[in-house]
Structures are given as structure tokens and as C-alpha cells.
Amino acid sequence: IADEIGCGFHHSGMSEKNGHEARVAWIEGRHTSHWIAATTGLGTGIAIEGIMGVVHMEKPYGLVDLVQQTGRGGRRAGEVVWFIIVHDGRRQREDQHGSFVYDINQAQMEAFVSTPGCRRAVI
């Protein structure tokens, strides 16, 4: 994806040094694109101002993950953040060893993506 849209990338398999460099290059705008292709490892625990959009290239693992990852945007007062989920419409495969909480999280994610109109009530 990063090659296709001409942006940097970040994933949890990177060394700490390379991950840090990827984040700094993105923040400082060193790429021709203002985007970064990243796994969920970038979606939690960062507080970078100016994130205006989050695109998920498949359904997030669950509603908790979605809220965490989309919550990276809107760090400046008045910012409007768009997020998009691109998926094929199939239900996620069930984890036979998932906990009750995991199952609820998955069910809520399915409800979120299948609800027409405003989805705030699902959250």
C-alpha cells in the first residue's frame, strides 16, 4: 500500500529505531504524501496533531480497536477527522478460542459496519 500511494510505512516488526524514524519522517512531511501506511501498532498510544483521516483497509479487530485507532485524529481543537473502512462485506472469521469479551467486541464491530446512517449509537 505504501508503494502504491507513495508514502512511508510503519509496522510492529520494525526495529525501534526504524519505527521512530518512520514516525518522525511522517510527522515532518518528508514524503511526497501526507499519508502513512501502518498496521494497528501505530493506531494506539500516539498523540500527533494534524491527523485528519484514518483509512482501515479491512475491518478493525473490534469496536474497541476502531475507537482507539480513529481516536488518533482530532488532537487539535476544531479538527474534523474522517475515517473510512474498506472491506469486502464478509463477516470476520470467528476465533474458536476467543473470550466472551472478544466475542462482544467482534459483534459490536459487525454491528458498526452494518448499521446504516449514523453509527454513533453503536459506539
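Observations on the model:
- The number of residues in the stretch 103-122 being hydroxyl-bearing (Ser, Thr, Tyr) and open to solvent by 80 Å² or more (accessible area, probe 1.4 Å) comes to 1.
- Whenever a residue of the stretch 98-123 is among the aromatic types (Phe, Trp, Tyr), its partners that are not in a helix (DSSP H, G or I), lying with C-beta atoms within less than 8 angstrom and at least six residues away or across chains, give the pairs Tyr102/Gly62; Tyr102/Asp95; Phe112/Arg119; Phe112/Val122; Phe112/Ile123.
- Residue within the stretch 62-82 that is touching a helix residue (DSSP H, G or I) at 6+ places or on another chain (Cβ under 8 Å), open to solvent by 70 Å² or more (accessible area, probe 1.4 Å) and closer than 21 Å to Ile1 by Cα present: no
- The stretch 35-51, subset modelled with pLDDT under 85 and surrounded by 19 or more Cβ atoms within 10 Å (Cβ to Cβ), residue farthest from the chain's Cα centre (by Cα): Ile51
- Residues located in the stretch 19-61, provided they are free of Cβ contacts under 8 Å to residues at least 40 places away in the same chain, assigned to a loop (DSSP other than H, G, I, E, B) and either closer than 18 Å to Met109 by Cα or of a type in the set (S, T, N, Q) (or both): Thr32, Ser33, Thr39, Gly43, Thr44, Glu58
- The set of residues in the stretch 1-18 being within 20 Å of Gly73 (Cβ to Cβ), without any contact (Cβ under 8 Å) to a residue 40 or more places away in the chain and either assigned to a helix (DSSP H, G or I) or hydrophobic (A, V, I, L, M, F, W, C) (or both) consists of Ala2, Ile5, Cys7, Phe9.
- Number of residues in the stretch 41-84 that are of a type in the set (Gly, Ala, Ser) and closer than 19 Å to Thr115 by Cβ: the value is 1.
The values are calculated or read from the model by the stated rules, or taken from the named source; none is laboratory data. These figures come from a predicted structure and were not determined experimentally. All Cβ positions, even for glycine, are placed from backbone atoms using ideal geometry, and neighbour counts span all protein chains on display. Just so you know, the surface numbers come from the protein's heavy atoms only, side chains and all, with ligands and any DNA or RNA stripped out. Shrake-Rupley method; radii C 1.70, N 1.55, O 1.52, S 1.80 Å.
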